[in-house]
Amino acid sequence: MPDGPGLELIMAEVNRGNPGAVLDTGYDREQASLVVPAERVREVLEWLRDTPGQEYTFLSSLHAADYLPAEPRFAVHYELLNRERYERIRVKALLPDPASPGDVAVGLAPGNGKVPTGAGGEVPGTGAGESRHGSGLTGGEPSEGSWRGGEEGSGGAPGESRPTESSSPPAENGEGRPTEPSSSPQTNGTRPFPEIDSVVDLFPTADFQEREAYDFFGIVFRGHPDLRRMFMPEDYVGHPQRRDFPIGGEPVIFTRDEPADPGWWK
Amino acid sequence: MTLEPGGNGRGGQSAAEIVHEIEGSAPGVTVELEPEQELLMVNMGPHHPATHGVLRLEVELEGEVVRDLRPIVGYVHTGIEKSCESMAFWKVIPFVERMDYLSYFFNSEAYCGAVEKLIGLEVPRRAQYLRVLHMELNRLHSHLVWLGTTALDVGAMSVYFYCFRDRDRVLDMFEMSAGQRMHTRYFQVGGVAEDIPEGWEAKARELIGVIKRGLSQYESLLDRNEIFLMRTKNIGVVDRERLLELGVTGPLLRAAGDPWDLRKEAGYLVYDELDFDIPVGTVGDGYDRYRVRLAEMRESLKIIEQCLDGLPDGPWIADDRKYVLPPRSELSTSMESLIHHFKLVTEGFRVDPGEVYYPIESPRGELGCFVVADGSAKPVRVHFRDPSFVNLQSLRDMAIGEYVADLIQTLAMLDPILGGIDR
Amino acid sequence: MEIERIKVTPETPLEQPSSPEEFRARQLKARDMLRGDLEGADLDAYVEERVMTTTLEKVLNVARANSIFPATFGLACCAIEMMSTVSPRYDIARFGAEAFRASPRQADLLILSGRVSIKMAPVVRRIYDQMLEPKWSISMGACSSSGGMFANYAVVQGADRFMPVDVHVPGCPPRPEALIYGFNKLQRMIMGHPDPGWRARYNATGTEEWARGGAGSKPSPEAVEAYRKAREALGA
Ligand code: SF4
């Protein structure tokens with residue numbers, strides 16, 4: 001691991017070639033990290049991979065996180081590894097949320113019990129007589145309390161949101177149908193996505209992991225060859241691992257007299 | 001093979017360009033394939049007996065040759081990472097165990113290790129040995145299940161029965177120490193939940209002999225099995241550089257000749273005190289993957305033997321009352337313990353802000369756990385870098401240009417665990 | 001401590017011939033009957049003593065219960081335990097269910113072994129619909145019975161939401177013995193009830209594909225009538 005001073009050296013060296021590429025360094029619990037702005041992440045990764053003496057050629061993991069009350073809200077982490085020296089370094093790309101607080105809920109509303117794929121159309125009522133469809137999301141309308149801290153959390157600089165070119169996926173509107181892809185998908189009522197450059201051409205291993213981050217956090221990777229949902233059904237609405245997405249599921253009623261909606265899970 | 005592996009072409013190459021080499025039967029003979037009018041799209045899964053779970057593959061075929069392949073996953077996506085965010089740190093352990101359901105001890109070690117790193121907790125030596133013991137037993141279990149199902153896929157039914165016979169013996173060990181066969185929740189933050197019971201060591205030593213005998217049985221069943229050899233040799237070869245680009249780790253990488261094993265490199269727990277070798281292959285085909293895994297099981301047995309010999313006495317869990325439950329006996333005598341117990345059980349311990357990535361070597365490769373804490377008793381994010389998920393990307397490179405029948409074998413040799421892929 | 005070993009001696013069934021002579025006498029009597037020597041009340045008494053009468057349906061049910069073909073269908077962790085019921089130690093072949101079938105068309109038991117995600121639920125349902133009657137299903141594990149510990153956005157909270165389940169086996173994962181016990185319960189259920197199909201079992205008339213004009217439409221009155229008649233004919 002590069003230690004604290006070593007990290008400062010790396011930061012100074014990166015910034016000599018590309019000023020402003022590294023904002024900060026962090027050395028915590030024996031783990032080194034570089035903090036970079038989202039636009040510069042490719043430069044830094046390329047530098048770390050190709051500079052003689054650094055050669056962090058193996059991307060062991062790419063993952064995103066949502067630090068909701070904090071600002072900037074999202075971050076994408078790149079865990080780089082130098083296999084000769086066994087040194088790891090984490091590049092943390094900060095990603096503000098371009099959505100303004102007003103449209104927090106739009107585009108995030110969970111599907112109203114819509115069955116994800118075609119076969120579900122034939123789901124008839126079952127023994128219990130109730131025709132509940134195959135979605136686990138029917139557990140209840142999202143109440144105010146579910147949007148934990150949604151208001152204060154996502155200030156985000158609206159200036160960051162620029163209409164993108166073809167790389168942006170079709171935006172989704174509140175009803176769960178993807179809208180037609182247009183030249184500027186960020187139309188009224190649609191939540192703009194945070195965007196970052198894809199690194200699939202630098203590290204082919206990032207392919208699935210970027211799709212995963214897009215699926216769970218709605219982070220758009222510009223230039224990704226095939227940016228689709230990884231895990232959730234294609235027609236799912238929302239990005240479930242954002243902190244302001246309700247966890248879903250159902251309350252467990254332990255006794256008969258308990259109210260059907262105890263509310264503790266919110 | 002003249003196929004360029006990196007391209008994202010959807011079978012876009014003209015078929016006449018693609019030369020398929022039939023290796024093994026007649027070396028050096030190349031067959032020019034007739035250009036077909038169109039590619040046939042075949043959907044495999046999610047309910048398919050040979051996909052080892054609910055993996056779905058969209059395969060484009062030209063005749064019988066795979067030209068393109070897209071894995072579609074998510075059919076057992078369980079939202080575990082999200083559920084973890086609403087649980088106290090110590091309640092997360094049962095959740096993460098259920099991700100990669102064949103390597104539950106590894107999952108909980110990755111998570112516990114990350115949390116221990118976050119709070120700076122030292123694990124006592126006996127606990128470290130016990131963890132290594134259980135993890136290596138778990139590696140045996142995982143490879144046994146892999147071997148049984150893989151042999152089933154290439155048509156050797158009896159190996160399945162032999163493997164599951166021995167696997168049950170391994171699970172008996174878990175049952176004895178932790179009380180359950182799978183998903184034991186034996187590892188705790190700070191150590192292990194309970195000391196091993198009396199007689200466990202003797203039983204473990206007995207098990208070593210059983211598995212050793214078993215291993216030679218499987219080898220005698222498979223090593224000279226003509227069908228098995230023809231179906232695995234020189235099939236699904238991807239070279240080392242490409243595997244590294246794709247982030248592949250574990251037996252797949254080692255079969256391609258790269259002695260990369262985090263147990264040696266990172267030296268977590270007590271692995272740097274133990275003496276074991278890293279088996280590597282030479283060609284990187286299905287056969288090498290099989291040999292490497294079998295050799296790994298022998299090495300695991302070696303590790304288990306050394307751990308049993310060197311098992312130190314002492315506590316099996318740290319005695320930091322801020323993070324570790326006090327022993328039951330203290331509860332009736334010490335008020336302080338009672339308070340700690342109450343706090344830990346109701347709220348859980350708090351962890352200072354920070355983020356940690358903790359990688360270990362699971363039976364399938366680098367299993368990393370990324371935990372973010374914000375000072376409260378619940379993690380902000382728990383993410384697993386699952387080796388099956390990353391390794392799955394290499395399936396495309398392995399399968400393109402091969403026959404569709406070999407796809408089954410290639411997939412089986414990849415050893416994907418869908419619970420780990422989808423989490 | 002030495003455990004006392006209790007020896008279990010089977011009770012001699014009453015029907016057994018007590019001596020070779022008696023056995024011989026019975027044989028001779030049977031021969032008499034076949035020759036037509038036994039008639040009238042004699043014959044009645046003889047038949048009543050020795051022949052059990054039952055309906056064909058019941059015989060079929062016994063046969064069905066003891067020759068179940070489960071579908072090879074694993075979802076998650078529980079699938080591994082399901083596999084070990086086939087293994088030598090647990091050996092579900094003792095109950096005639098070791099032949100796992102890869103195609104749902106050939107299977108008559110769906111063991112839902114694991115968590116069902118919202119992406120998988122329609123697929124599971126389709127597989128169940130593809131199975132031929134008579135068919136049963138066991139939901140194995142906490143997850144497919146109730147969602148288990150995963151009360152979140154991705155998991156269907158109980159498989160009964162989208163398909164009929166006959167037996168729930170609790171546990172996470174249930175031990176193979178537990179699954180076998182659940183399977184035995186299912187066998188009893190099959191043997192005890194002549195089975196006109198799951199729709200009759202769970203009162204879900206009118207949901208058949210043929211009874212509907214298309215996805216989501218109501219069954220036509222004729223279809224309902226035809227179905228009612230069919231059920232009456234079956235005596236359900
Ligand atoms: S019940 Fe437990 S063992 Fe079974 S699928 Fe669910 S989590 Fe896995």
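For the range B:175-197, how many residues are within 12 Å of chain C (Cβ to nearest Cβ), open to solvent by less than 40 Å² (accessible area, probe 1.4 Å) and touching a residue at least 24 places away in the same chain (Cβ under 8 Å)?
3
Yes/no per residue for (1) closer than 21 Å to B:Ser388 by Cα; (2) away from the ligand (no atom under 16 Å from the Cβ):
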| position | (1), (2) |
| --- | --- |
| B:Glu58 | yes, yes |
| B:Glu62 | no, yes |
| B:Val73 | yes, yes |
| B:Cys84 | yes, no |
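Within the range A:215-236, work out how many residues are open to solvent by 10 Å² or more (accessible area, probe 1.4 Å) and not acidic (Asp, Glu). Before you say what the answer is, go through the steps one by one.
First pass over the range A:215-236, keeping only residues open to solvent by 10 Å² or more (accessible area, probe 1.4 Å): A:222-229, A:234-236.
Narrowing the set further to residues that are not acidic (Asp, Glu) leaves A:222-225, A:227-229, A:236.
Adding up the residues that qualify gives 8.
Looking at B:Tyr290, is it in contact with a strand residue (DSSP E or B) (Cβ under 9 Å, 6 or more places away or on another chain), under 23 Å from B:Ser388 (Cα atoms) and either surrounded by 19 or more Cβ atoms within 10 Å (Cβ to Cβ) or within 14 Å of chain A (Cβ to nearest Cβ) (or both)?
No.
For the range B:88-98, indicate whether the set of residues that are open to solvent by 10 Å² or more (accessible area, probe 1.4 Å) and touching a Pro at 6+ places or on another chain (Cβ under 6 Å) is non-empty.
No; the residues of the range B:88-98 include none that is open to solvent by 10 Å² or more (accessible area, probe 1.4 Å) and touching a Pro at 6+ places or on another chain (Cβ under 6 Å).
Would you point out the residue of the range C:174-192, among those that are in contact with an Asp or Glu (Cβ under 8 Å, 6 or more places away or on another chain) and closer than 17 Å to C:Arg89 by Cα, that is most open to solvent (accessible area, probe 1.4 Å)?
Here the residue is C:Arg175.
Here is a list of conditions, (1) open to solvent by less than 20 Å² (accessible area, probe 1.4 Å); (2) in contact (Cβ under 8 Å) with a residue 40 or more places away in the chain; (3) within 14 Å of chain A (Cβ to nearest Cβ), and B:Gly267 meets all of them except one; can you say which number that is?
Of (1) open to solvent by less than 20 Å² (accessible area, probe 1.4 Å); (2) in contact (Cβ under 8 Å) with a residue 40 or more places away in the chain; (3) within 14 Å of chain A (Cβ to nearest Cβ), only one is false for B:Gly267: (2).
If a residue must be open to solvent by 10 Å² or more (accessible area, probe 1.4 Å), within 24 Å of the chain's Cα centre (by Cα) and within 16 Å of the ligand (Cβ to nearest atom), how many such residues does the range C:124-155 contain?
Selection size over the range C:124-155: 4.
Taking the condition more than 8 Å from every other protein chain (Cβ to nearest Cβ) and either surrounded by 13 or more Cβ atoms within 10 Å (Cβ to Cβ) or in contact with a helix residue (DSSP H, G or I) (Cβ under 7 Å, 6 or more places away or on another chain) (or both), does C:Leu109 pass?
Values: more than 8 Å from every other protein chain (Cβ to nearest Cβ): yes; either surrounded by 13 or more Cβ atoms within 10 Å (Cβ to Cβ) or in contact with a helix residue (DSSP H, G or I) (Cβ under 7 Å, 6 or more places away or on another chain) (or both): yes.
So C:Leu109 fits the description; yes.
Mind counting the residues in the range B:268-289 that are closer than 24 Å to B:Ile235 by Cβ and of a type outside the set (Phe, Trp, Tyr)?
Selection size over the range B:268-289: 11.
Would you pick out the residues in the range C:64-75 that are in a loop (DSSP other than H, G, I, E, B), buried (at least 24 other Cβ atoms within 10 Å of the Cβ) and in contact with a Pro (Cβ under 9 Å, 6 or more places away or on another chain)?
C:Phe73
Among the residues in the range C:165-180, are any more than 16 Å from the ligand (Cβ to nearest atom), within 13 Å of chain A (Cβ to nearest Cβ) and modelled with pLDDT of 85 or more?
Yes, some residue in the range C:165-180 is more than 16 Å from the ligand (Cβ to nearest atom), within 13 Å of chain A (Cβ to nearest Cβ) and modelled with pLDDT of 85 or more.
Return the residues of the range B:293-313 that are more than 17 Å from the chain's Cα centre (by Cα) and open to solvent by 40 Å² or more (accessible area, probe 1.4 Å); say none if nothing qualifies.
B:Lys302, B:Glu305, B:Gln306, B:Asp309, B:Asp313
Only one of (1) touching a helix residue (DSSP H, G or I) at 6+ places or on another chain (Cβ under 9 Å); (2) not in a strand (DSSP E or B) is not met by A:Leu34, so which one is it?
The one condition A:Leu34 does not meet is (2).
Condition first: closer than 18 Å to B:Arg56 by Cα and away from the ligand (no atom under 14 Å from the Cβ). Now tell me which residues in the range C:66-75 satisfy that.
C:Ala71, C:Thr72
Which of (1) within 16 Å of the ligand (Cβ to nearest atom); (2) open to solvent by 60 Å² or more (accessible area, probe 1.4 Å) does B:Ser220 not meet, given it meets every other one?
(1)
Return the residues of the range C:76-93 that are more than 16 Å from the ligand (Cβ to nearest atom) and either facing chain B (nearest Cβ under 7 Å) or not in a loop (DSSP other than H, G, I, E, B) (or both); say none if nothing qualifies.
Within the range C:76-93, C:Val86, C:Ser87, C:Pro88, C:Arg89, C:Ile92, C:Ala93 meet the criteria.
State all residues of the range C:156-172 that are open to solvent by 10 Å² or more (accessible area, probe 1.4 Å) and closer than 29 Å to B:Asp168 by Cβ; if no residue qualifies, say none.
Residues satisfying the conditions are C:Val165, C:Asp166, C:Val167, C:His168, C:Pro170, C:Gly171, C:Cys172.
Somewhere in the range A:206-225, is a residue among the polar types (S, T, N, Q), modelled with pLDDT of 50 or more and outside any helix (DSSP H, G or I)?
Step one: list which residues in the range A:206-225 are among the polar types (S, T, N, Q), which gives A:209.
Now drop any that are not modelled with pLDDT of 50 or more, which leaves A:209.
Those left that are additionally outside any helix (DSSP H, G or I): none.
Checking the range A:206-225: not a single residue is among the polar types (S, T, N, Q), modelled with pLDDT of 50 or more and outside any helix (DSSP H, G or I).
From the list B:Arg167, B:Arg125, B:Arg131, which residue is closer than 26 Å to B:Phe228 by Cβ, in the same structural domain as B:Ser216 (by TED's automatic domain parsing) and among the charged types (D, E, K, R)?
After ruling out the rest, the residue left standing is B:Arg167.
The values are calculated or read from the model by the stated rules, or taken from the named source; none is laboratory data. Small disclaimer: the values here were computed from a predicted structure and weren't measured. Reconstructed Cβ throughout: ideal geometry from the backbone, glycine too, with neighbour counts over all protein chains shown. Areas reflect the complete protein model, heavy atoms only, side chains present, ligands, DNA and RNA absent. Shrake-Rupley method; radii C 1.70, N 1.55, O 1.52, S 1.80 Å.
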